[in-house]
Amino acid sequence: MLKGSCHCGAITLEVDRADPPEQAMECNCSHCSRKGYLLWFVPREQVQVHGGEDQLGVYRFNKHVIAHHFCRQCGCAPFALGTMPDGKLMTAVNVRCLEGVDLAAIKRVPVDGRSF
């Protein structure tokens, strides 16, 4: 299991994977670029969120199809929930919020979200 959390630890998550991602999306939209997200898309059933349910806020923008979740205490955003075009439920895990991940080893895949 890979573990992660917001900055203050009120919201924690576990990803049912043994190895960290090899790559993550680096989107240039106004939201992702300002927050520095590195997003790893994982099937929703492989991600469990623990604790802090009362501290979990949500932010939607643009087409309002992705629920960007953040901690109301520290403001950190460890994940987002959405649906792929084929209808599959996905979690976009912010790789920067995972424990023990070597960010320098992760290939960044640029995404032109600014044009959507």
**Asked** Take the residues of segment 62-116 that are over 10 Å from the mean Cα position of the chain (by Cα) and assigned to a helix (DSSP H, G or I): which is farthest from residue 13 (Cα to Cα)?
**Response** 115
**Asked** Pick from segment 37-61 the residues that are among the aliphatic types (A, V, I, L, M) and either loosely packed, with under 15 Cβ neighbours inside 10 Å or under 12 Å from the mean Cα position of the chain (by Cα) (or both): which of them is farthest from residue 104 (Cα to Cα)?
**Response** 58
**Candidates 42, 58, 15 - the one that is of a type in the set (Val, Ile, Thr) and touching a helix residue (DSSP H, G or I) at 6+ places or on another chain (Cβ under 8 Å)** = 15
**Message:** Being modelled with pLDDT under 95, within 13 Å of the chain's Cα centre (by Cα) and either in a helix (DSSP H, G or I) or surrounded by 15 or more Cβ atoms within 10 Å (Cβ to Cβ) (or both) is the filter here; which residues of segment 26-36 pass it?
**Reply:** 27, 31, 32, 35
**Among (1) over 15 Å from residue 41 (Cβ atoms); (2) in contact with a strand residue (DSSP E or B) (Cβ under 8 Å, 6 or more places away or on another chain); (3) not hydrophobic (A, V, I, L, M, F, W, C) - the single one residue 62 does not satisfy** = (2)
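The values are calculated or read from the model by the stated rules, or taken from the named source; none is laboratory data. This structure is a prediction, so every number in the text was calculated from the model and none was measured. With ideal geometry, Cβ positions are generated from the backbone for all residues, glycine too; neighbour counts draw on all protein chains shown.
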